[in-house]
Amino acid sequence: APVGPQGPAGATGATGATGAIGATGATGPTGPANGLNAYGGLYDATTDTAALNATTATTVPIETPTPALGVTYGTNSIVIGTPGVYAVEYSASTDLSEAGDVTLAVLNNGVTIPGTANEQYVTATQNQVISGSTITTLSAGDTITLGATAGTGTPTATFGNVTLNVRKLDA
């Protein structure tokens, strides 16, 4: 017998029962503790003096280390162990033996990190607070210091309440 044309589709049937729940996926890696995986700093609550000049940055004395992760400490310096993008911050109360300009800046291997230089006019015995910060890329082995230069002459600077901090911002 000949086959006739296909008839219209029937009504959709009832939804079947929900299937079994699948297995749990693998646990992801643990993130960095406290959101930071490298940080460190130096501070000096005492006062120290240093002779300044206008051509070469003098390292500001900062002797006391803070807790650290991913960095080590040298003489008045922070040595980066974990490469990445860092926030770099400093502050110092500064006084000169004679009135004039003084510039503080964070140095990476002896070279000023762009954005950290801050020049202020300081009168004798004024105790001007100078501070600065920036975000920069640092490599393993970079040595971070705080440097000071005079605008002119060779005054003696007195530094107090000095801080220098680094915090790695990227994972």
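Since every read-out is calculated from the coordinates, none of them should be taken as a lab result. Since we're looking at a predicted model, the values are computed, not measured. Note that each Cβ is placed from the backbone with ideal geometry, even for glycine, and that neighbours are counted across all protein chains shown.
General remarks:
- Summed over segment 137-160, residues that are surrounded by fewer than 19 Cβ atoms within 10 Å (Cβ to Cβ) and farther than 12 Å from ASP95 by Cα total 9.
- Elements of the type strands (runs of 3 or more DSSP E) sitting completely within segment 19-88 and holding at least 3 residues that are β-branched (Val, Ile, Thr): these cover 77-80.
- Residue under evaluation ALA117, criteria (1) out of contact with any Asp or Glu (no Cβ under 9 Å at 6 or more places or on another chain); (2) closer than 19 Å to ASP44 by Cβ; (3) not acidic (Asp, Glu), criterion not met: (2)
- Verdict on THR163 being out of contact with any helix residue (DSSP H, G or I) (no Cβ under 9 Å at 6 or more places or on another chain), surrounded by 14 or more Cβ atoms within 10 Å (Cβ to Cβ), over 20 Å from ALA45 (Cβ atoms) and of a type in the set (Val, Ile, Thr): no
- Here GLN128 meets the list (1) polar (S, T, N, Q); (2) surrounded by fewer than 19 Cβ atoms within 10 Å (Cβ to Cβ); (3) touching a residue at least 60 places away in the same chain (Cβ under 8 Å) almost entirely, failing just condition (3).
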